[in-house]
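What follows is a single structure, written as structure tokens, with notes after it.
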Amino acid sequence: KINITKVNDSLSMNNNEKWDSFNHLKLILAIEGKFQISFDDEVVTQVISYKLLKLHLKKMKITFI
């Protein structure tokens, strides 16, 4: 529900009101489903920005745009 033009490395839970805890869980579940992966609970609480999310996916050897 975030305009694609606003998705960049500075996007985070802290600076976007639409990225609340509920939408964060929806995002995590969608990514897990799309890439057939599972995040540890600790990681779920750490990936609170687009940049951190990309870094964790890269560690898991998952590439995306």
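Summary of values
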{"item": "Index of the failed condition, F22 passing every other in (1) at pLDDT 95 or above; (2) open to solvent by less than 90 Å² (accessible area, probe 1.4 Å)", "result": "(2)"}
{"item": "K6 vs. criteria more than 22 Å from K61 (Cα to Cα), free of Cβ contacts under 8 Å to residues at least 12 places away in the same chain and either out of contact with any Asp or Glu (no Cβ under 8 Å at 6 or more places or on another chain) or among the polar types (S, T, N, Q) (or both)", "result": "yes"}
{"item": "Every pair of residues 6+ apart whose Cβ atoms lie under 7 Å, when the first sits in the stretch 35-49 and is under 16 Å from K61 (Cα atoms) and open to solvent by less than 50 Å² (accessible area, probe 1.4 Å) while the second is among the aliphatic types (A, V, I, L, M) and not in a helix (DSSP H, G or I)", "result": "I37/M60; I37/I62"}
{"item": "Hey, F64 aromatic (F, W, Y), more than 11 Å from the chain's Cα centre (by Cα) and in a helix (DSSP H, G or I) or not", "result": "no"}
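The values are calculated or read from the model by the stated rules, or taken from the named source; none is laboratory data. All of these numbers come straight from a predicted model, not from anything done at the bench. All Cβ positions, glycine included, derive from the backbone under ideal geometry; neighbour counts span all protein chains shown. Each accessible area value is taken on the protein alone, full model and side chains, heavy atoms only, with ligands, DNA and RNA left out. Shrake-Rupley method; radii C 1.70, N 1.55, O 1.52, S 1.80 Å.
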